[in-house]
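In what follows, a structure is listed as structure tokens, so that the remarks can point back to it.
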Amino acid sequence: MSTTVPAPFAAPACASAPASASEIHPVLAEVVRSGFVEGHHRGSLVVLAADGSVELALGDPAAPVFPRSSNKPMQAAAVLRAGLDLAGERLALAAASHSGESFHLDLARTMLADHGLTPDDLQTPPDLPLDPAEAETYLAAGQVRDKVTMNCSGKHAAMLAACALNGWSLRTYLDPAHPLQRIVHTVVEDAAGEQVAAVGTDGCGAPLMAISLTGLARAYRSFVLAPEGSAERRVADAMAAHPEYVAGTRRPDTWLMRAVPGALSKMGAEAVQAVALPDGRALAFKIDDGATRALGPVLARCLERMGVTDPVLARLAEARLLGGGRPVGEIRAAF
């Protein structure tokens, strides 16, 4: 008796061929539980030598991506180009994805008040502190989601202050056609050395410019090598000097910038990371599935291959998997 495949389950005649190996981004990190590899994180990355040439490229670093918060140094440089005079902790907070610690929130409120603004002027979505420990403390105190608690409030406070200084609309400061956002667009293209491929909306509501990972690495390199006193160098120096305001007291960007003098480091949502070292070496990568748990191991391996030997690499690389509340595995770099 012959067996036929029922029509609903028959393979469609127009089914596309499986993607070739060359079309699949390489594995950058693997998930190992109890000695068994249970998963992979694929992506693309680029490492630039001190002279700006490409030293290592995996995947497709020439393809445009949304760098998410890794674009924040460029956004901070834009408010300086718009005439806002920021320095030190305030400029670092303007480039931050802060943890929501009290010193972050206090400074964001002060930056607003200095220009006759209040947290009500922010167009950030109400949120809890980004750091889980801070969120628990915040909720235990009976507080609720707030605009200023959102991790991008420092950036938005700086944007609003620049608008107030120039007499630009506060209501439409997140419109891509707004004068401030046009400056951001120019800064991104100048720093990346390429045209913005697309404009989207970031999680905080601000316009988001897509560039390649190679362009992102070039941008970070240009910031650390920019002339002293330039907007770009001022941002890089402020972030390096006050990394706890860029991230928080328990965050990898802070650990790296504290450990390696002059380094510029900023992660972005959907597992994007960019770093520049003071001699002009730089890197940028993105994990395809957006898993931020892979950031540390991949970053540590990149820095190791770039010759960085500081003990901070071990701290960055640690990404444990738990079983029954105890370590049973890890996420580890695979290149």
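The values are calculated or read from the model by the stated rules, or taken from the named source; none is laboratory data. This one's a predicted model, so the numbers in the text were calculated from it and none came from an experiment. All Cβ positions, glycine included, derive from the backbone under ideal geometry; neighbour counts span all protein chains shown. Heavy atoms of the whole protein, side chains included, go into the accessibility calculation; ligands, DNA and RNA do not. Shrake-Rupley method; radii C 1.70, N 1.55, O 1.52, S 1.80 Å.
Using the Karplus curve 6.51 cos²θ - 1.76 cosθ + 1.60 with θ = phi - 60°, work out ³J(HN,Hα) for each residue of segment 192-209 in order, rounded to whole Hz, and write x for Gly and Pro.
7, x, 7, 6, 5, 7, 6, 10, x, 10, 6, x, 7, x, 7, x, 10, 9
Looking at Asn151, Phe66, Gly88, which one has the Cα that reaches farthest to the positive end of the dipole of segment 56-175 (charges on Cβ: Lys, Arg +1; Asp, Glu -1)?
Ranked along the dipole, the leading option is Phe66.
Please list, in chain and number order, the residues 5+ apart from Glu55 or on another chain whose amide H is under 5 Å from its amide H, with Hs placed from the backbone.
Answer set, sorted by chain and number: Val47, Leu48, Ala49.
Under a 5 Å amide H to amide H cut-off, with H placed in plane at 1.01 Å, what residues pair with Ala87 once short-range neighbours are removed?
Under 5 Å from the amide H of Ala87 lies no amide H from a residue far enough along the sequence or on another chain.
Where does each of Phe66, Phe335, Phe223, Phe36 land when they are ordered by accessible area, with a 1.4 Å probe and the largest first?
Ranked list, largest accessible area first: Phe36, Phe66, Phe335, Phe223.
Quick check: from the Cα gyration tensor, does segment 116-269 come out rounded (a/c under 1.5), prolate or oblate?
Oblate is the answer for segment 116-269, as a/c is 1.5 or above yet b/c matches or exceeds a/b.
Please list the non-local residues whose amide H lies under 5 Å from the amide H of Val328, H modeled 1.01 Å from N, same-chain partners needing a gap of 5 or more.
Result for Val328 returns Leu321, Leu322, Gly323.
Whole-Hz Karplus ³J(HN,Hα) for segment 310-316, in order, using 6.51 cos²θ - 1.76 cosθ + 1.60 and θ = phi - 60°, x for Gly and Pro?
5, x, 4, 4, 5, 5, 5
Given a cut-off of under 8 Å on Cα pairs at least six residues apart, what relative contact order in percent is computed for segment 209-335?
Rounded, it is 19 percent for segment 209-335.
Considering Cα pairs under 8 angstrom that are at least six residues apart, work out the relative contact order of the chain and quote it in whole percent.
Reported relative contact order: 23 percent.
Taking 8 Å as the Cα distance limit and 6 or more residues as the minimum spacing, I'd like the relative contact order of segment 59-180 as a percentage.
30
At what distance in angstrom do the alpha carbon centres of segment 306-327 and segment 98-129 lie from each other?
That distance is 32 Å.
With a 1.4 Å probe and all protein chains kept in place, how much accessible area does His178 have, in Å² rounded to the nearest 10?
Looks like 10 Å² after rounding.
Could you calculate the FRET efficiency of Trp168 with Ala49 from 1/(1 + (r/R0)^6), where r is the beta carbon distance between them and R0 is 41 Å, rounded to 0.05?
It comes to 0.50.
For segment 260-277, take each phi angle, set θ = phi - 60°, evaluate the Karplus expression 6.51 cos²θ - 1.76 cosθ + 1.60, and give the result in whole Hz per residue in order, putting x for glycine and proline.
Per-residue couplings from phi come out as 10, x, x, 6, 10, 9, 7, 8, x, 4, 6, 6, 10, 9, 9, 8, 10, 9 Hz.
Which order do the peptides 125-132, 25-32 come out in when sorted by mean C-beta neighbours inside 10 angstrom, highest first?
25-32, 125-132
Round to a whole angstrom and tell me the spacing of the C-alpha centers of segment 37-78 and segment 157-230.
17
Would you mind computing, in nm to one decimal, how far apart the modelled labels at Ala62 and Asp175 are, each placed 7 Å from Cα along Cα→Cβ?
Those two pseudo-labels are separated by 3.8 nm.
Tell me what the chain gives for mean residue ellipticity at 222 nm when only DSSP H runs of n ≥ 4 count, each as -39,500 (n - 2.57), the sum divided by the residue total, rounded to 500 deg cm²/dmol.
One gets -10500 deg cm²/dmol as the mean residue ellipticity at 222 nm.
Of Leu130, Thr118, His104, which is farthest along the charge dipole of segment 96-161 in the positive direction, counting Lys and Arg as +1 and Asp and Glu as -1 at C-beta?
So the residue we want is Thr118.
Taking the Cα centre as origin and putting +1 on Lys and Arg beta-carbons and -1 on Asp and Glu beta-carbons, what dipole magnitude results for segment 206-306, to the nearest 20 debye?
Value, rounded to 20: 120 debye.
For Val199 and Asp289 in the same chain, what is the full-extension length gain: residue separation times 0.36 nm, less their Cα-Cα distance, in nm?
30.3 nm
Going Cα to Cα from Lys286, which lysines come in below 22 Å? Please leave out same-chain ones fewer than 8 positions away.
Lys72, Lys266
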